[in-house]
Amino acid sequence: MRVKSGLAEMLKRGVIMDVVTAEHARIAEDAGAVAVMALERVPADIRRDGGVARMSPPEIVESITGAVTIPVMAKARIGHFAEAQILEALGVDYIDESEVLTPADEAHHIDKWQFTVPFVCGATNLGEALRRISEGAAMIRSKGEAGTGNIVEAVRHLRAITGDIRRITVADSAELFDWAKRLQAPVALVREIAEVGSLPVPLFCAGGVATPADASLVMQLGAEAVFVGSGIFKSDNPSARAKAVVEATTNFDDPAILLKVSRGLGEAMPGIELEGLETRLAARGW
Amino acid sequence: MKVGVLALQGAAGLHLSALRSVGAAAIAVRRPDELADVDGLILPGGESTTISMMLDANGLVEPLAERLAGGLAVLGTCAGLLLLAAQVTDGRDDQRCFGTLDISARRNAYGPQTESFEAPLPVAALGPEPMTGIFIRSPIVERTGPGVEVLARLDGRPVLCRQGAAWGCTFHPELSGDLRLHRLFCEEGL
């Protein structure tokens, strides 16, 4: 597990960008991304086009791997361990068992202990995060609502996770059993949180980041790195925006730098109000 | 004595806590004024391309080059070793390396993350008990110059080396919980 979550340690204070082509991947690396996430369509397009969203074809992942020197992640459907086996054989550096794709199993997530490649999973609250960790996830990302350009759900999920972590650190030993029951999570993991005051694996943020200010917000709320999906390549000037989000993540607590990098970026991706959504991707996963 | 950890991107937090555990005053370094204030520096693991770009963005390239040339005690781990190297292969053409250690290193030389590993690592300078070397998408040191002292090897290849005040390792001492290398760096390096 140290080797698996160790790579997540190396990605901290960095930005992981969704890319669908080798050209996108090069733009992301040129801008300073710490890793790229290879997928067939960015979440905004999955939302618009509908249909079943699956793992990327191997050729796409390979063309992206060949285009960059930084780590390459790829998404598998929730519960689709065969997609994960294929991605592992392909040599990706991380697998995202992702609610952005159409779930393959409505009760079971992948048993991630069976794999050498590390997994990241989404979570909307602490219980979900701990269930994924008990299944072998080496990194958690708050889910947010992918493809909306709306940060509100990311903030909700991040606050839910970090707020409960803070509350657990002041619970007494008897209360920890109740926490485990309420969170539907192993008591050993709840105890570990009570002792160390954080998740046993890194906590990153995803879903709705569209501006340098969004990246700063979630980092200040306790995220240790940022995933940006549609926010880069659905904006006016992907290259400049990608670079600005990277600088904002590194310097998230320095308002003077945030102001500087927020200028001259053109239009951000058009955002969506949550009330108008037909599908809540974050509701997928159990 | 104040030890800085370059905290632009990567595993800076674990180095800061390791330094504090061995009794050093440790600060995160992201700006030139913070760099000017330290007696020693750790360059952590992370993505070397990103760290290199953020050195440029935050105006740290010149100040860091000057401090390194002035003999600042420095320990580079993984991506940090690449910053100290004289030559980096399989990186980006524009990535910074300061030539503080007369070594050539190949970036991410073991392959993808599935090839990352742990291995016991005898280090004579740290006593009989081996360290646990945690290697994550690690570089390989392919050449060491005559001034470079090799303190540990794995499969015959240097994984911990030193040249004057500059130390570099291809593994991650900050992930293992073993504080001996941080302690040695603070005691001998500073």
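The values are calculated or read from the model by the stated rules, or taken from the named source; none is laboratory data. Quick caveat: nothing in here was measured; it's all calculated off a predicted structure. So basically every Cβ, Gly included, is an ideal-geometry build from the backbone, and we count neighbours across all protein chains shown.
Computed values, structure above
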item	result
Any pair with Cβ under 6 angstrom, 6 or more apart, that starts in segment A:113-127 at a residue that is of a type in the set (S, T, N, Q) and ends at one that is in a strand (DSSP E or B)	none
Selection count, segment A:169-179, where residues are more than 23 Å from A:GLY222 (Cα to Cα) and either outside any loop (DSSP other than H, G, I, E, B) or in contact (Cβ under 8 Å) with a residue 60 or more places away in the chain (or both)	5
Complete set of residues in segment A:1-24 that are over 22 Å from B:CYS78 (Cβ atoms) and part of a helix (DSSP H, G or I)	A:ALA22, A:GLU23, A:HIS24
Enumeration of residues in segment A:9-33 that are among the small types (Gly, Ala, Ser), crowded, with 24+ Cβ neighbours inside 10 Å and more than 8 Å from chain B (Cβ to nearest Cβ)	A:ALA25, A:ALA28
Candidate set from segment B:145-190 (those that are within 14 Å of chain A (Cβ to nearest Cβ) and farther than 23 Å from B:ARG106 by Cα); member that is surrounded by the fewest Cβ atoms within 10 Å (Cβ to Cβ)	B:GLY177
Set B:ALA125, B:ALA119: member being within 14 Å of another protein chain (Cβ to nearest Cβ), surrounded by fewer than 20 Cβ atoms within 10 Å (Cβ to Cβ) and touching a residue at least 24 places away in the same chain (Cβ under 8 Å)	B:ALA119
Residues located in segment B:73-113, provided they are surrounded by fewer than 18 Cβ atoms within 10 Å (Cβ to Cβ), at the interface with chain A (Cβ under 10 Å from one of its Cβ atoms) and not small (Gly, Ala, Ser)	B:ASP90, B:ARG92, B:ASP94
Filtered residues of segment B:35-58 (kept if more than 16 Å from A:LYS243 (Cβ to Cβ) and either within 11 Å of chain A (Cβ to nearest Cβ) or hydrophobic (A, V, I, L, M, F, W, C) (or both))	B:LEU35, B:ALA36, B:VAL38, B:LEU41, B:ILE42, B:LEU43, B:PRO44, B:GLY45, B:GLY46, B:SER48
Segments classed as helices (runs of 4 or more DSSP H), wholly inside segment A:180-283, with at least 1 members that are at pLDDT 95 or above and surrounded by fewer than 21 Cβ atoms within 10 Å (Cβ to Cβ)	A:187-196, A:212-220, A:238-250, A:255-262
Members of segment B:130-183 found to be among the charged types (D, E, K, R) and out of contact with any Phe, Trp or Tyr (no Cβ under 9 Å at 6 or more places or on another chain), listed by number	B:GLU142, B:ARG143, B:GLU149, B:ARG153, B:ASP155, B:ARG157, B:ARG162, B:GLU174, B:ASP178, B:ARG180, B:ARG183
Test: residue in segment B:59-72 that is crowded, with 24+ Cβ neighbours inside 10 Å, aliphatic (A, V, I, L, M) and within 14 Å of chain A (Cβ to nearest Cβ)	no
Candidates A:VAL61, A:VAL52, A:VAL36 - the one that is among the β-branched types (Val, Ile, Thr) and part of a helix (DSSP H, G or I)	A:VAL61
One residue from A:VAL92, A:VAL120 being within 13 Å of another protein chain (Cβ to nearest Cβ), crowded, with 19+ Cβ neighbours inside 10 Å and within 17 Å of A:LEU281 (Cβ to Cβ)	A:VAL120
Of all residues in segment A:57-77 being buried (at least 24 other Cβ atoms within 10 Å of the Cβ) and more than 14 Å from chain B (Cβ to nearest Cβ), the one that is nearest to the chain's Cα centre (by Cα)	A:LYS75
